[in-house]
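Remarks on the structure that follows.
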Amino acid sequence: MVNLVAAQTPLLHGLMKMAGVQPHRVEIEPGTVVNFWVPNETVKKPKKGEKNKTPTLTKPNKPVIVLVHGFAAEGIVTWQFQVGALTKKYSVYIPDLLFFGSSITDKTDRSPTFQAETLVKGLKKFGIEKCIVVGFSYGGMVAFKMAELYPDLVQAMVISGSILAMTDSISEATLSELGFKSSSELLLPDSVKGLKTLLSVATYKKLWFPNRLHKDYLEVMFTNRKERAELLEGLVINNKDPTIPRRYISYGGRTTKSSIWGSHRT
């Protein structure tokens, strides 16, 4: 039986190319490859007769915005409805985090720091020196790490549905409130019922899809389950371990001092 989610993938990819981005895999280092959706205009295909058949990439000519996805879907699935509007004014880059889409590594590090370092290495290979980072959920925590480690690269951030770091106390309190024993139980569902529960937690309005579509989505989007479970384990840190840097964020014309413990206006 045809998987309906997999069947629509070529159509989605075609629409994204029409919107202004196309996939390009880049080797970060031996054993680590990341898939990015990059601006069409930065990809120069070899001319007929040239021996080198590998496309070359040029630097972007518009302000760069990087869209970092969450845990439930790869990059282009998460951001498909934003691409068309953003490519009019920005050079849009959409990475698949490690173990999502076709991004892989043979390294054992599963921390958000490693994800952030890997993304930045990829962006630098594209000649990107400054960017705006937009992060959703898990991608928000990776984005915060990017800004912490590479302040000269990240000019501004937009974060939705995320926190600076997932401490053990926050993890335990959240899972207890939602009625789950572990993050994997919530974020790596293995049944239609589990996926429906995840979607009900993650969305403001209830979404209705037939069970067949839920089943197909599980098969396509929840691959690399072992590695993703390790990513969730690597996400949680001890309350006493982190040194949370203070960031000053513009908020309605005022300055906000923000940290993992909350924020206050000054």
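The values are calculated or read from the model by the stated rules, or taken from the named source; none is laboratory data. None of the values given here were measured: they were computed from a predicted structure. As a convention, Cβ positions derive from the backbone with ideal geometry for all residues, glycine included, and neighbour counts pool all protein chains shown. Ligands, DNA and RNA are stripped out before the accessible areas are found, and what is left, the full protein with its side chains, is counted by its heavy atoms. Shrake-Rupley method; radii C 1.70, N 1.55, O 1.52, S 1.80 Å.
Per-structure values
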{"quantity": "Unit charges on C-beta of K, R, D, E only; dipole of the chain, Debye", "calculated": "1100 debye"}
{"quantity": "Overall form of the chain per C-alpha gyration tensor (a/c, 1.5; a/b vs b/c)", "calculated": "oblate"}
{"quantity": "Solvent-accessible surface (1.4 angstrom probe) belonging to residue 106, in square angstrom, nearest 10", "calculated": "100 Å²"}
{"quantity": "Ranked by how many other beta carbons lie within 10 Å on average, peptides 73-85, 136-148 from highest", "calculated": "136-148, 73-85"}
{"quantity": "Highest to lowest packing among 59-70, 169-180, scored as the average C-beta count within 10 Å", "calculated": "59-70, 169-180"}
{"quantity": "Hits among lysines - C-alpha to C-alpha of residue 193 under 28 Å, sequence gap 8 or more where chains match", "calculated": "181, 205, 206, 215, 226"}
{"quantity": "Accessible area per residue in Å² at 1.4 Å probe, computed on the chain", "calculated": "56 Å²"}
{"quantity": "Spin-label proximity, residue 59 to segment 79-107 - amide N less than 16 Å from point 7 Å beyond Cα toward beta carbon", "calculated": "91"}
{"quantity": "Carbon and sulfur %, accessible surface of the chain computed with the full protein complex present, 1.4 Å", "calculated": "56 percent"}
{"quantity": "Under 29 Å from residue 130, Cα to Cα: lysines that are on another chain or at least 8 residues apart", "calculated": "17, 44, 45, 59, 62, 88, 89, 107, 121, 145, 257"}
{"quantity": "Under 5 Å, built H, 5+ apart or other chain: amide partners of residue 180", "calculated": "none"}
{"quantity": "Burial order of peptide ranges 226-235, 114-123, 32-41 (average beta-carbon count within 10 Å, highest first)", "calculated": "114-123, 32-41, 226-235"}
{"quantity": "Label-to-label distance, nm, for residues given as residue 8 and residue 191 (7 Å Cα→Cβ offset)", "calculated": "2.5 nm"}
{"quantity": "Within straight-line cross-link reach of residue 125, aspartates and glutamates at Cα separation under 15 Å, skipping those fewer than 8 residues along the same chain", "calculated": "27, 29, 117"}
